1. Can you pull out every residue in segment 82-100 that is modelled with pLDDT under 95 and either loosely packed, with under 12 Cβ neighbours inside 10 Å or within 18 Å of the chain's Cα centre (by Cα) (or both)?
2. Using the structure shown, decide if V115 is surrounded by fewer than 19 Cβ atoms within 10 Å (Cβ to Cβ), within 20 Å of K28 (Cα to Cα), at pLDDT 95 or above and in contact with a strand residue (DSSP E or B) (Cβ under 8 Å, 6 or more places away or on another chain).
3. Could you tell me which of the residues R79, R103, R109 is basic (K, R), modelled with pLDDT under 95 and either at positive phi or within 15 Å of the chain's Cα centre (by Cα) (or both)?
4. When segment 40-57 is examined, which residues are found to be β-branched (V, I, T) and at pLDDT 95 or above?
5. Please enumerate the residues belonging to segment 58-76 that are among the aromatic types (F, W, Y) and either modelled with pLDDT of 90 or more or surrounded by fewer than 11 Cβ atoms within 10 Å (Cβ to Cβ) (or both).
6. For segment 52-73, indicate whether the set of residues that are small (G, A, S), farther than 16 Å from C101 by Cα and touching a Phe, Trp or Tyr at 6+ places or on another chain (Cβ under 9 Å) is non-empty.
7. Among the residues of segment 38-60, is there at least one that is in contact with a helix residue (DSSP H, G or I) (Cβ under 6 Å, 6 or more places away or on another chain) and more than 29 Å from G93 (Cβ to Cβ)?
8. Yes or no: segment 30-48 includes at least one residue that is of a type in the set (V, I, T) and without any contact (Cβ under 8 Å) to a residue 60 or more places away in the chain.
Amino acid sequence: MSDPQVLISFDDDVSTLMPGDRITGQFKLDSFDPNEVKAIEFSVLWYTEGKGDEDLDVHEFRRIENDEMNWAAFRRPERFESVLPLSPLSYDGLIMKIRWCVRVRVFPRRGREVVSEFPFVLGDLQPARQLSE
């Protein structure tokens, strides 16, 4: 048996979306024993990287407890959809970066959680560049 993993995909083969766009896709649990899963969390979120404090904010969140799961359905991909907010836009700065992703976390009854992220870009801001002197 292979290691449990979460496979995430978007319906459209795009990595850049605009504010107000609808993000749609699916995630599938692979090689999980349904009796060993306590809960699954799905989220669309942004986080910062770089100097200073790192921030994170969740735009969309759904938690499914084991007793709420339809495991027959989880043998097929689970659908998701969310309308993206107006901000913050993805940003690739010299000091700080803003990243967006879809994240699925699976919490087993024993052992470590399994996390999978599928990144995307929100907006069309150009990356920052160093000013020449």
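1. Of everything in segment 82-100, just one residue is modelled with pLDDT under 95 and either loosely packed, with under 12 Cβ neighbours inside 10 Å or within 18 Å of the chain's Cα centre (by Cα) (or both), namely I95.
2. Numbers: surrounded by fewer than 19 Cβ atoms within 10 Å (Cβ to Cβ): yes; within 20 Å of K28 (Cα to Cα): yes; at pLDDT 95 or above: yes; in contact with a strand residue (DSSP E or B) (Cβ under 8 Å, 6 or more places away or on another chain): yes.
For V115, the condition - surrounded by fewer than 19 Cβ atoms within 10 Å (Cβ to Cβ), within 20 Å of K28 (Cα to Cα), at pLDDT 95 or above and in contact with a strand residue (DSSP E or B) (Cβ under 8 Å, 6 or more places away or on another chain) - is met.
3. Working: R103 fails: modelled with pLDDT under 95; R109 fails: either at positive phi or within 15 Å of the chain's Cα centre (by Cα) (or both).
Of the residues listed, the single one that is basic (K, R), modelled with pLDDT under 95 and either at positive phi or within 15 Å of the chain's Cα centre (by Cα) (or both) is R79.
4. V44, T48
5. Pass one, segment 58-76, residues among the aromatic types (F, W, Y): 61, 71, 74.
The answer is F61, and nothing else.
6. Here is the first cut: in segment 52-73, the residues small (G, A, S) are 52, 72-73.
Of the ones still in play, those that are also farther than 16 Å from C101 by Cα are 52, 72-73.
Right, trim to touching a Phe, Trp or Tyr at 6+ places or on another chain (Cβ under 9 Å) and you get none.
Checked segment 52-73: no residue is small (G, A, S), farther than 16 Å from C101 by Cα and touching a Phe, Trp or Tyr at 6+ places or on another chain (Cβ under 9 Å).
7. First, pick out the residues of segment 38-60 that are in contact with a helix residue (DSSP H, G or I) (Cβ under 6 Å, 6 or more places away or on another chain): 38.
Within this subset, residues satisfying the condition of being more than 29 Å from G93 (Cβ to Cβ) are 38.
Yes, segment 38-60 contains a residue that is in contact with a helix residue (DSSP H, G or I) (Cβ under 6 Å, 6 or more places away or on another chain) and more than 29 Å from G93 (Cβ to Cβ).
8. Within segment 30-48, the subset of a type in the set (V, I, T) is 37, 40, 44, 48.
Checking the rest, the ones that are also without any contact (Cβ under 8 Å) to a residue 60 or more places away in the chain come to 44, 48.
Looking for residues that are of a type in the set (V, I, T) and without any contact (Cβ under 8 Å) to a residue 60 or more places away in the chain, one finds at least one in segment 30-48, hence yes.
The values are calculated or read from the model by the stated rules, or taken from the named source; none is laboratory data. Source: prediction; values computed, not measured. Positions of Cβ are generated from backbone atoms using ideal geometry, with glycine treated the same way; all protein chains shown enter the neighbour counts.
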